[in-house]
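The values are calculated or read from the model by the stated rules, or taken from the named source; none is laboratory data. These figures come from a predicted structure and were not determined experimentally. Neighbour counts run over all protein chains shown; Cβ positions are idealised from the backbone, glycine included. To get the accessible areas, we keep the full protein, side chains included, count just its heavy atoms, and leave off ligands, DNA and RNA. Shrake-Rupley method; radii C 1.70, N 1.55, O 1.52, S 1.80 Å.
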Amino acid sequence: MTNTSRIGNWIKGEVQLPSSDRWLDKFSPHDGRLLSHFADSSAADVDSAVLAASVVFPAWSDVSPVKRGQILGDLVSVMKRRSDELAHCVALETGKSPQDAQGETAGAILQGEYFAGEGMRLHGRSLTSGVPGKYSHTVRQPRGVAGLIVPANTPIANIAWKVFPALVCGNAVVLKAAEDTPQIAQLFAEMTREAGLPDGVFNVIQGRGQLSGAALVSDERVAVISFTGSTGVGRWIAETAGRRLARVSLELGGKNPFVVCDDADLEQAVHWAALSAFSNAGQRCAAGSRIIVFRKVFDAFRDAFVDRARGLKLGNGPGCDLGPVVSRRQQQSVLAAIERAREQGGRILCGGGAPADPSLTQGYYVEPTVIDGLAPEAELCGKEIFGPVATLHPVENLQEALVFSNATEYGLTAAIHTRNVDRAMWFAQRVRAGVANVNMGTYGSEPHMPFGGFGSSGNGSREPGLEALDVYSELKNISFLARAQLI
Ligand code: NAD
């Protein structure tokens, strides 16, 4: 990509320039250089995209689910063939290492494979009836135009997570790309055309959330909105789209607890805690940002964890453990949150600022940061930071660990490390989280597993997995009455 490239919207199978001719800048998180300009789309552009999707929806919904799955299978093949390009683009726009970008791309392809196969399994149920001669069954039908809004943290995975189930169910899609990853959405769009997806079935709007994203949410023709992002925006979407009774699926923030019991394999616990807190530079809704440790092993765990954090390699090259956060604004917000934690009595055990390494100072890096000594009411114990920052909290026992785990408005994921199956099951059953993992990280869901949260982490929906079909389709109950007696 050259620094003069311009990324427009993708409407009706081709690039369209923003009607206002206004553009935004995308900078490299690794070194701050200008990567591209992308469309600062207006409500008029959103109108064009939604119109394109609305026009083609009836024909697309008429294509049999099996055929839709086959076309999506072709899209998966294109993604596989061009996976290096996808991974390169992910790495460039997010600053993550080549191996992390490849891993994410492989995950996106797996999502595609799973949902392409769903075309042959989009079945309903056959029901019994109390009425003689009555036969009844359910079928899944598409909802219409799906507005899909994604963040930048794992850009191609986020796109695949929503687009594949929406399309296999027969909806036409308008994707609102994340401001910080415009090019990956454009590249994916080009692949949909190469795979033979009919023009207008998949459209992309670039630009600012509060302008083009909000216009998409407010559009009366959009029947289902799936949003992944921050809880504040999610609330606004639920209110706005809820007024017209559009279906809304919200995957929101998290402040996920990672519990280490006194019988845990400490080496494994340190390994998984570091991955949970710092991989993807902590930009995961499922990041393990509150590490809750039995007092008996607190000092040993803390010392090993801080050592591990200090040893992590920052950068965007092969073998680096974590890259930068995605934007200058995000970097400033994370650093400011660390500063406030310091003022509130937190002890910064490692990190705490931007790295001094001259090869990283132009980028948006934040050192892996471990903080202890914070009171439970401190801001950092309850507020999501979305950066490589973890707080440590000693507890006396599992009961206390559970109370602390459940003491935020969120409820997305949780992990516990213990060798005791009774403790593991007791905690997993009671923790207020949509995902509970034993002896692993706070993340790690797979395409066929439902993901979502309690409380302010969502609105009760689950994606992906079979449960995503409930987001993107309507159930219809069809019955017919046959004569009970032969004539
Ligand atoms: P964000 O809410 O600021 O933005 C996410 C997307 O929403 C972007 O595309 C943005 O343009 C758009 N947007 C912003 N305002 C909008 C509006 N008023 N109307 C419509 N669209 C709007 O979030 P972010 O900072 O980019 O991403 C980080 C957040 O996402 C964190 O809270 C994180 O936990 C969450 N997240 C959740 C999951 C999950 O599955 N639960 C996964 C990844 C990230």
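Below is a table of values for the structure above.
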read-out	value
Selection status of Ala341, within 27 Å of the chain's Cα centre (by Cα), open to solvent by less than 10 Å² (accessible area, probe 1.4 Å) and more than 16 Å from the ligand (Cβ to nearest atom)	yes
Residue within the stretch 394-404 that is away from the ligand (no atom under 16 Å from the Cβ), closer than 15 Å to Ala273 by Cα and in a loop (DSSP other than H, G, I, E, B) present	no
Every pair of residues 6+ apart whose Cβ atoms lie under 9 Å, when the first sits in the stretch 227-239 and is over 18 Å from Ala287 (Cβ atoms) and open to solvent by 30 Å² or more (accessible area, probe 1.4 Å) while the second is in a helix (DSSP H, G or I) and more than 6 Å from the ligand (Cβ to nearest atom)	Arg235/Ser456
Out of Ala390, Ala433, Ala415, sole residue that is more than 30 Å from Gly119 (Cβ to Cβ) and either part of a loop (DSSP other than H, G, I, E, B) or touching a Pro at 6+ places or on another chain (Cβ under 6 Å) (or both)	Ala433
Subset of the stretch 335-368 [more than 21 Å from Phe404 (Cα to Cα) and among the polar types (S, T, N, Q)]	Ser359, Thr361, Gln362
Output for the stretch 17-36, where each listed residue is surrounded by fewer than 19 Cβ atoms within 10 Å (Cβ to Cβ) and either under 22 Å from Arg193 (Cβ atoms) or not hydrophobic (A, V, I, L, M, F, W, C) (or both)	Leu17, Ser19, Ser20, Asp21, Arg22, Asp25, Asp31, Gly32, Arg33
Lone qualifier among Phe202, Phe164 - being more than 16 Å from the ligand (Cβ to nearest atom) and among the aromatic types (Phe, Trp, Tyr)	Phe202
Members of the stretch 261-282 that are within 16 Å of the ligand (Cβ to nearest atom) and open to solvent by less than 10 Å² (accessible area, probe 1.4 Å)	Ser276, Ala277, Phe278, Ala281, Gly282
Residue that is farthest from Ser19 (Cα to Cα) [pool: residues in the stretch 197-210 that are over 21 Å from the mean Cα position of the chain (by Cα) and open to solvent by 20 Å² or more (accessible area, probe 1.4 Å)]	Pro198
Entirely in the stretch 201-308, the helices (runs of 4 or more DSSP H) that have 2 or more residues that are assigned by TED's automatic domain parsing to the domain that holds Thr413 and touching a helix residue (DSSP H, G or I) at 6+ places or on another chain (Cβ under 8 Å)	266-278
Positions within the stretch 310-332 being open to solvent by 60 Å² or more (accessible area, probe 1.4 Å), within 16 Å of the ligand (Cβ to nearest atom) and either free of Cβ contacts under 8 Å to residues at least 40 places away in the same chain or touching a helix residue (DSSP H, G or I) at 6+ places or on another chain (Cβ under 8 Å) (or both), in sequence order	Arg329, Gln332
Check on Ser249, more than 17 Å from Asn437 (Cβ to Cβ) and crowded, with 22+ Cβ neighbours inside 10 Å	yes
Any chance Ala215 is open to solvent by 10 Å² or more (accessible area, probe 1.4 Å), out of contact with any strand residue (DSSP E or B) (no Cβ under 7 Å at 6 or more places or on another chain) and within 9 Å of the ligand (Cβ to nearest atom)	yes
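Each row is one residue, and each column tells you yes or no for (1) at pLDDT 95 or above; (2) away from the ligand (no atom under 14 Å from the Cβ).
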residue	(1), (2)
Val389	yes, no
Arg419	yes, yes
Arg423	yes, yes
Trp426	yes, yes
Asn437	yes, yes
Leu466	no, yes
Ala482	no, yes
